[in-house]
Structures are given as structure tokens and as C-alpha cells.
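Colleague: Just dropping this structure here.
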Amino acid sequence: MISRYKRIFRILLVGPTGSGKSQFCNYVLRDLTNSINLVSDSMDSCTTDPQSNEFKRLDTDFDFIDTAGNSDSNDNDIENLKRLVEYLKKLKKIHYVILVLKFGEKITGDSRDYIEALGKIFTVDEFFSHLCIVFTKFPNQPKEQDLKTKHKCVSEINKLLRKIFKINDNVQLNKNDVYFIDTNIDKENEKYNQKNQRIVDTILKNIIISPRFYHPIKTENLDITGANAKIRTQQEIESLKNNLEEIKNQKGLAEREAQKANERSEQMKKEIQKMKNQMGRTD
């Protein structure tokens, strides 16, 4: 049973089949005896239901919610998304979304459809502003070509997300929200394990210090059709307009108060000068 009362960062793990999502989840949970369970590394999901994996790390409670990828479990993608949405509704809110992708693999076909389907569930503000990208299978000792591919991966995912969510070209993922890690567990080389564990800790630290805990994605009204997301998007736009109008009104009020203060100051100067003139005539 998931506790809803303790301060816990709920993180949704999503990604196409074969992206290394479950491997990444296991890497985070590895050697943590207080985690609930480890998840399947298989290319085929052992379950279509989302799985919560609660654990403590960096003196903080987390819940990694592992999900089925696209074309998992007899190509039943729509049903998997429905199960995901129903599960998220019960949680009421999540604080972060980690999209796991395979390093160097072009996002086309089913993988692109999968991300677009997620884009219908969430609004731009909900998904994009709470998003972290993790590229798996990145070499621990990258060559020059790997580094070039790394920059290309960042550019392509930015371009794809902007297209899916119809975002202005100037919008870019924050560099602190894109990570590259080799999730293959090499027990014979502890140095590599330590390096990747440091990357995991960096991801979790940035989650902890982000304001997302206090501005979570509210999940009670999610659906897979995109209808509710459109409604919430309109609400976000209206809220933004109202905020801008309020700022405008406050600015106008401040300008009027400043004008009145200037007028009072000028009036005071005139009164002082008048008193000086009167005192001069008396003398």
C-alpha cells in the first residue's frame, strides 16, 4: 500500500520498449535493501500494470513508477495507457517525469507515437516543465564520435518535443534535465559502477532541489484522449492571462502611486519655498 501522507517524490518513468527504462530503474534501486521490488529487464513487460518502487536515497523518500513501453504485452498500447492513467489518478499527483531513451537510437515509428501519446495525456506545462531525459547505453569511456552523437541526441529530442507540444523554437530543455548513463551493471569494474551511481545521485539531487515538489502535476483529471489536457491547457492560458493582467494592474497602481508621491513632493517643495519667502519679507 502506497502511503499518501509522507513527503515523497513520485517520479513517473516512461520510455519506448528497449530503451533501458527498467534497467535504469534497477540501477537506481540496486543495493537498496529498503526498496519494495526490482523491475523486469526483459524486452517484453512482465506486467502491463504500473509498478511503484518506493525507496530512500540521499535521506529522501522516492517512488519510481515503472510503466509498460510501447508495443509491450501483445501490442496492447491503448490498454496500457488506460491502466497508467487510472493508476496516476489514484496517486492524485506526481512530481517528475523521466523519459528514458536509448543513446544513439533515432526516435521514429512506434517510439515517436509513444511520446506523442504521452503528449496527449499531459499539458505542455505539466509534461515539459516537469521533464527529465535520461539516455541509457552511453559508453563509460565515450569516443569523439560518441560525444558528437550526444549533442545530436539533445538537439533531436528538443526538436521533437517542441514539435509534439507546439512549443516556440526558443524553448530548450535545461542542461540539468538531460543525462547520459551506461546502465549495464559491470560488477568487475567498481570504478564504472561508482561513476554511474554518481550520475544517479546527481539526477535525484536535482529533483530534490527543484521547485517541482511544491508544484506537482495533478493527476486526478488525466485521460488518454487529450480532451482534458486541452481543457487544462486553456485553463493554464486563462490563468496566465489573469496573472499578466494582475501584474499590469499592479504596475499601473504602482505608477499612479509614484505619480501621486511626486506630486506631493512638488507640493511640499512649493510650500517650503513659500514659507522661506514669507520669512524673508518679515526680516
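Colleague: Condition first: under 21 Å from P216 (Cβ atoms), open to solvent by 10 Å² or more (accessible area, probe 1.4 Å) and either charged (D, E, K, R) or modelled with pLDDT under 85 (or both). Now tell me which residues in region 86-143 satisfy that.
Modeller: E86, K89, K90, K92, K93, G119, K120, V124, D125, E126, F128, S129
Colleague: To continue, here is another question. Go through region 81-117 and count every residue that is in a helix (DSSP H, G or I) and either charged (D, E, K, R) or more than 20 Å from I224 (Cβ to Cβ) (or both).
Modeller: 9
Colleague: Quick check on K120: is it in a helix (DSSP H, G or I) and touching a Gly at 6+ places or on another chain (Cβ under 8 Å)?
Modeller: Yes, satisfied.
The values are calculated or read from the model by the stated rules, or taken from the named source; none is laboratory data. All values derive from a computational prediction rather than experimental measurement. A quick note on method: Cβ atoms are made from the backbone with ideal geometry, for glycine too, and the neighbour counts reach across all protein chains shown. Side chains included, ligands, DNA and RNA excluded: accessible areas come from the protein's heavy atoms. Shrake-Rupley method; radii C 1.70, N 1.55, O 1.52, S 1.80 Å.
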